[in-house]
Amino acid sequence: MRHVISLLIENESGALSRVSGLFSARGYNIESLTVAPTEDESMSRMTLVTAGSDEIIEQITKQLNKLIDVIKVTDLSEAAHIERELLLVKVRATGAAREEMKRIADIFRARIIDVTDASYVIELTGNQAKLNAFIAAVDPALLIETVRSGACGIARGERALKL
Amino acid sequence: MVLTGAEILIRCLQEEKVDYVFGYPGGAVLYLYDALFQQDDIRHVLVRHEQAAVHAADGFARSTGKVGVALVTSGPGATNAVTGIATAYYDSAPLVVISGQVATAFIGQDAFQEVDTVGVTRPCVKHNFLVREVRELAATLKKAFYLAASGRPGPVVVDIPKDVSMAQCEFAYPKEIAMRSYNPVVRGHQGQIKRAVQLLLGARRPMIYAGGGVILSEAAEALARLARLLDAPVANTLMGLGGYPASDRQFLGMPGMHGTFEANMAMHYCDALLAIGARFDDRVIGNVDHFAAEARKIIHIDIDPASIAKRVKVDIPIVGNVLDVLEQLLHQIEAGPRPDPARTAEWWRQIEEWRGRKCLDYKFSNELIKPQFVIQKLWEVTNGEAIVASDVGQHQLWAAQYYRFDKPRRWLNSGGLGTMGVGLPYAMGAQFAHPGAAVACVTGEGSIQMNIQELSTCRQFRLPIKICLLNNRYLGMVRQWQQMFHGQRYSGSYMDSLPDFVKLAESYGHVGIRVEKPGDVEGALREAFTTHKNELVFIDFQIDRSENVYPMVPGGKGLTEMILPAEEL
């Protein structure tokens, strides 16, 4: 099953490689990983998307907790949560495709953030499924390049991951 | 007081009451060595290879419970140390390994003797640090010692660039250290303790399976009290030997691949298994599915939550320090009525029947020296009180099976990583820690040659270690597997062109003895431990080449599917 794991980690050089090294050393699956400092710059927050049986997910959270730099770990998938990912897409925008791409962007509530004679850069945020749907809706011949941030997650309601 | 980084390191080691540093100098640690030279509190032991420095520090740590300290230079010094670090990591030995690093301005420039030590060691340390500023040095070392010794112990590497060791700053050693990201649980959850006690008192076939955690947390006495109260049999893992007295009636020996028949049968058929500071590894429980097929309730005590439910499902997990949790269990049991001794009577009758198989019996020979016989004689001659440092292979298992350890911290071996070459440096570390003690290194001709250069260190420091080489001119454990599972094709497992170990020992200034007849075994050992009490004696026992380690649970098989020696003959 797919799990979204969030963690707070000391903002120190090498902290990221401790986490990624753990996943490769123990053969855990890693779908995406995002990391950036929090409002308290001494800490970073990381969102990890992984998949595995309940036993493997239990081991992953335990092994993450065991890393000395890791301050807190939570499995967001255990309760209601929100996931968002950022997608930037560069598409061809000439002739009929120019209008077509604009229409698709509107339908998905995406924003065109760069325009040239021949191309658009489109920005879209949403969950994984929405981003996938958007890419599927674009004629592959028009896709120049795509870049995705990987998922960020946060719990709904009062539940929070903080010190 | 303003000090250089090198002086700060020395002051920190003094604050941590470090007696010995095992090390090897080099360019990046010249300032550290200069500072070492100018003081008398900390003794530096010059080894002959950095791997041995770390193993010796590890042997010191295992035989005392204190943090062992090793000091190596950058680049090859650090990479040579990696095997030692990984060995300590697997067996949770508390170490601080200080490595030199090229100056900060050179880091990343592919400088001479530069290696990313923090990167290389990351997967096999409890934690590691690169100290970029001299003002961080004291606090980093404080953290390193705290991390190494607390919680589940382990090795911590502190990488110190050369310019940091030269730079100066005001020295203050922190008295306390608090880390928001590191707070090991010490006491067990009271609710879980209650459930565990209920289960244990209700069990008709209780069994205690105790590992290295008992030794690490100094819980041998508490374990003995608990075993008596519960009238439960006890098995000690390879890492746990000495955690329960081997001479006690309730002791069943070691479980696992080369465990005793009675220990494995009891592990399998008990109705309540109390696992203490052990981790159900593949060498202990064999085939996981086979093990899980028998219904039994499992209580698992461990300070590392990640060790619990890693390989087997656990009914009552208890996270905490073994000693604290055992005290909690004892407190709870002692408060209630005495357990009924009749409840385990049938269980003990069954165990005695299993014991009656005498699975460790072997065929004595008047012609060929049996390795088991050597270990039994070693036990007799040393009154069972020696510190035994073993290497890795057949001799290791024979030592574990036939040297009956009654006390903790007398059995030093590489259980997890299985590192050949640890024996002699472990013995060195133990002998430094216990100058008056009888220290034996049980080894094979394969293992001893992996760190044989340390005979030179032993000479320099006059270490009176007794090396008992069980020489069968084979990499015996490999040969045993090839005999049993690879059609007797002995690929790469023979040892040709061996040195004359007697002359070799003598050339280093030690005493060498060769023993070729069973009748000479005891005499040679007595000579070594009495006549040459204060010298290193290297005894080359020419043993039966074909002897195998039994019982044996073949790889992939279940605990009850042991091969016993009688079946093999």
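Looking across segment B:45-71, the residues that are of a type in the set (V, I, T), closer than 16 Å to B:E454 by Cα and either buried (at least 24 other Cβ atoms within 10 Å of the Cβ) or touching a Lys or Arg at 6+ places or on another chain (Cβ under 8 Å) (or both) come down to B:V47, B:V54. Of the residues B:D116, B:D91, B:D110, the single one that is closer than 20 Å to A:D69 by Cβ and among the acidic types (D, E) is B:D116. When B:Y362 is tested against (1) assigned to a helix (DSSP H, G or I); (2) not assigned by TED's automatic domain parsing to the domain that holds B:H268, exactly one condition is not met: (1). Name the residue that is nearest to B:F129 (Cα to Cα), counting only residues in segment A:21-38 that are out of contact with any strand residue (DSSP E or B) (no Cβ under 7 Å at 6 or more places or on another chain) and surrounded by fewer than 16 Cβ atoms within 10 Å (Cβ to Cβ). Among them, the one singled out is A:G21. Residues that are within 12 Å of the chain's Cα centre (by Cα) and surrounded by fewer than 24 Cβ atoms within 10 Å (Cβ to Cβ) within segment B:386-409 comprise just one, B:R409.
So is B:L330 within 27 Å of the chain's Cα centre (by Cα), more than 14 Å from every other protein chain (Cβ to nearest Cβ) and either touching a residue at least 40 places away in the same chain (Cβ under 8 Å) or in a helix (DSSP H, G or I) (or both) or not? Judged against the criteria, B:L330 is not a match.
One residue stands out among those in segment B:129-160 that are buried (at least 24 other Cβ atoms within 10 Å of the Cβ) and away from chain A (no Cβ under 14 Å): the one that is nearest to B:M1 (Cα to Cα), which is B:L137. There is no residue in segment B:203-215 that is touching a residue at least 40 places away in the same chain (Cβ under 8 Å), within 30 Å of B:A148 (Cα to Cα) and surrounded by fewer than 21 Cβ atoms within 10 Å (Cβ to Cβ). Taking segment B:1-31 as the range and being of a type in the set (D, E, K, R) and in a helix (DSSP H, G or I) as the test, the residues that pass are B:E7, B:R11, B:E15.
Here's the yes/no breakdown for (1) out of contact with any Gly (no Cβ under 7 Å at 6 or more places or on another chain); (2) exposed (fewer than 13 other Cβ atoms within 10 Å of the Cβ):
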position	(1), (2)
A:E85	no, no
A:V91	yes, no
A:A96	yes, yes
A:E100	yes, no
A:I104	yes, no
A:I112	yes, no
A:T116	yes, yes
A:G126	yes, no
A:A141	yes, yes
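The residue pairs whose first member lies in segment B:83-95 and is closer than 20 Å to B:A306 by Cα, whose second member is acidic (D, E) and crowded, with 24+ Cβ neighbours inside 10 Å, and whose beta carbons are closer than 7 Å, counting only pairs six or more residues apart or on different chains, are B:T87/B:D58; B:A88/B:D58; B:A93/B:D58.
Residues in segment B:219-227: is at least one within 14 Å of chain A (Cβ to nearest Cβ) and free of Cβ contacts under 8 Å to residues at least 12 places away in the same chain?
no
Residues in segment A:1-22 that are of a type in the set (V, I, T) and facing chain B (nearest Cβ under 10 Å): A:I9 only. Flag: B:Y494 matches the condition of being surrounded by fewer than 16 Cβ atoms within 10 Å (Cβ to Cβ), among the hydroxyl-bearing types (S, T, Y) and either touching a Phe, Trp or Tyr at 6+ places or on another chain (Cβ under 9 Å) or touching a residue at least 12 places away in the same chain (Cβ under 8 Å) (or both). Output the residues belonging to segment B:482-491 that are of a type in the set (S, T, Y) and surrounded by fewer than 10 Cβ atoms within 10 Å (Cβ to Cβ). Hit for segment B:482-491 is B:S491, nothing else. Of a type in the set (F, W, Y), touching a strand residue (DSSP E or B) at 6+ places or on another chain (Cβ under 6 Å), within 14 Å of another protein chain (Cβ to nearest Cβ) and at negative phi: does that describe B:Y20? Criteria not met by B:Y20.
Among the criteria (1) touching a helix residue (DSSP H, G or I) at 6+ places or on another chain (Cβ under 8 Å); (2) more than 30 Å from B:G256 (Cα to Cα); (3) crowded, with 16+ Cβ neighbours inside 10 Å, the one B:G509 does not fulfil is (3). The combined condition, being out of contact with any Ser or Thr (no Cβ under 9 Å at 6 or more places or on another chain), within 17 Å of B:V214 (Cα to Cα) and within 11 Å of another protein chain (Cβ to nearest Cβ), is not fulfilled by B:V312. On the stretch given as segment B:282-313, residues that are over 26 Å from B:R187 (Cβ atoms), under 27 Å from the mean Cα position of the chain (by Cα) and not basic (K, R) total 7. Has segment B:80-95 got at least one residue that is closer than 24 Å to B:I8 by Cβ, of a type outside the set (G, A, S), not in a helix (DSSP H, G or I) and not assigned by TED's automatic domain parsing to the domain that holds B:D281? Yes, because at least one residue in segment B:80-95 is closer than 24 Å to B:I8 by Cβ, of a type outside the set (G, A, S), not in a helix (DSSP H, G or I) and not assigned by TED's automatic domain parsing to the domain that holds B:D281. In segment A:64-91, which residues are part of a helix (DSSP H, G or I) and within 14 Å of chain B (Cβ to nearest Cβ)? Residues satisfying the conditions are A:L64, A:N65, A:K66.
For every residue, the table says whether it meets (1) in the same structural domain as A:R148 (by TED's automatic domain parsing); (2) more than 30 Å from B:S92 (Cα to Cα).
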residue	(1), (2)
A:E41	no, yes
A:Q59	no, no
A:V73	no, no
A:R109	yes, yes
A:V115	yes, yes
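Sort out for me the helices (runs of 4 or more DSSP H) sitting completely within segment B:429-504 that have 1 or more residues that are of a type in the set (D, E, K, R) and closer than 18 Å to B:A389 by Cβ. Ranges flagged: B:445-448, B:454-460. Condition (residue is closer than 23 Å to B:Y403 by Cα and at pLDDT 95 or above) applied to segment B:501-509: is it met by at least one residue? Checked against the condition, which is being closer than 23 Å to B:Y403 by Cα and at pLDDT 95 or above, segment B:501-509 yields no hits at all. Is it the case that some residue within segment B:180-187 is surrounded by 19 or more Cβ atoms within 10 Å (Cβ to Cβ), more than 30 Å from B:D231 (Cβ to Cβ) and more than 14 Å from chain A (Cβ to nearest Cβ)? The answer is no, given that none of the residues of segment B:180-187 is surrounded by 19 or more Cβ atoms within 10 Å (Cβ to Cβ), more than 30 Å from B:D231 (Cβ to Cβ) and more than 14 Å from chain A (Cβ to nearest Cβ). Only one of the listed residues (B:I298, B:I351) is buried (at least 21 other Cβ atoms within 10 Å of the Cβ), over 22 Å from B:D91 (Cα atoms) and out of contact with any helix residue (DSSP H, G or I) (no Cβ under 7 Å at 6 or more places or on another chain). That residue is B:I298.
Taken as a whole, segment B:361-368 holds no residue that is modelled with pLDDT of 95 or more, over 19 Å from the mean Cα position of the chain (by Cα) and basic (K, R). Any residue in segment B:370-385 that is buried (at least 24 other Cβ atoms within 10 Å of the Cβ), modelled with pLDDT of 95 or more, part of a strand (DSSP E or B) and touching a strand residue (DSSP E or B) at 6+ places or on another chain (Cβ under 6 Å)? No; the residues of segment B:370-385 include none that is buried (at least 24 other Cβ atoms within 10 Å of the Cβ), modelled with pLDDT of 95 or more, part of a strand (DSSP E or B) and touching a strand residue (DSSP E or B) at 6+ places or on another chain (Cβ under 6 Å).
The values are calculated or read from the model by the stated rules, or taken from the named source; none is laboratory data. What you see is a predicted model; the values in this text were computed from it and never measured. Cβ sites come from the backbone with ideal geometry, for glycine too, and all protein chains shown count toward neighbours.
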